[in-house]
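What follows is a single structure, written as structure tokens, with notes after it.
Every number here is computed from the coordinates shown, using simple stated rules; none is lab data. Keep in mind it's a predicted model, so treat the numbers as computed, not measured. Note: ideal-geometry Cβ built from the backbone for every residue, glycine included; neighbour counts use all protein chains shown.
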Amino acid sequence: MPKARVISPFRGQHDHDHCQVSAIETAEAECARKGLKLTELRRQVLEIIWSSHNPIGAYDILQQLQSKGHKPAPPTAYRALDFLVSAKLVHRLESMNAFIGCPSPEASHQCQFYICQHCGHTAELHSEAVAQAIESGAEQLGFIHNEPVIEVHGTCKACSKKEPS
Ligand SMILES: [Zn+2]
Ligand SMILES: [Zn+2]
Ligand SMILES: [Zn+2]
């Protein structure tokens with residue numbers, strides 16, 4: 001089976017400072033390309049989401065905005081979040097009701113998330129084989145699917161090493 005493409009790797013497997021900077025640059029370029037406006041608030045929300053690879057809930061984002069001295073009304077902050085999701089700069093993880101940045105918004109991809117239940121770190125992969133299996137299943141059922149987001153919970157490499165064997 002062909003290997004999946006790594007869209008976001010696990011912590012310790014990359015330079016996160018670089019990854020944060022490049023994610024924001026990618027977002028700027030993507031908004032410019034689509035004629036969308038990355039307002040100050042939208043950018044702030046995106047930066048908070050990109051501070052780690054741990055999915056973050058809307059309420060925690062709001063709290064972090066406030067701790068940075070911003071006091072947007074909650075609906076305004078939630079609208080900024082909706083914008084980021086619809087611009088594909090951010091993915092929503094349904095099972096956790098949380099958000100995670102996508103470093104590759106320009107590519108249309110069905111993604112799979114591997115979520116560590118110990119440290120919360122989340123990696124994003126794109127497997128063509130998984131995408132095709134979903135396509136063919138939907139076809140078989142005559143089913144029109146939304147963009148599927150697959151969430152796999154478990155233990156990342158770094159956490160599995162910590163556990164007593
Ligand atoms: Zn990173
Ligand atoms: Zn993605
Ligand atoms: Zn972990």
| message | Explain nothing, just the number: dipole magnitude of the chain about its Cα centre with +1 on each Lys and Arg Cβ and -1 on each Asp and Glu Cβ, in debye rounded to the nearest 20. | response | 360
| query | Spin-label point model (7 Å from Cα, Cβ direction): what's the His16 to Ala158 distance in nm? | reply | 0.6
| query | At a Förster radius of 41 Å, what calculated FRET efficiency corresponds to the Cβ-Cβ distance of Ser136 and Thr76, to the nearest 0.05? | reply | 0.45
| In the range 5-162, what is the count of Lys pairs whose alpha carbons are under 26 Å apart, counting only pairs at least 8 residues apart or on separate chains? | 6
| query | Measuring from label point to label point, each 7 Å out along Cα→Cβ, what is the Lys68 to Arg5 span in nm? | reply | 2.9
| remark: Cβ density ranking, 10 Å radius, fewest first, applied to Arg42, Arg79 yields Arg79, Arg42
| request: Among Asp60, Asp15, rank each residue by its count of other Cβ atoms within 10 Å, from fewest to most, as a rough exposure measure. | output: Asp15, Asp60
| Using θ = phi - 60° and Karplus 6.51 cos²θ - 1.76 cosθ + 1.60, couplings along the range 98-105 (whole Hz; Gly, Pro as x) | 9, 10, 9, x, 10, x, 10, x
| What are the semi-axes of the equivalent ellipsoid of the range 5-162, taken as the square roots of 5 times the eigenvalues of the Cα gyration tensor, listed largest first and rounded to whole Å? | 26, 20, 15
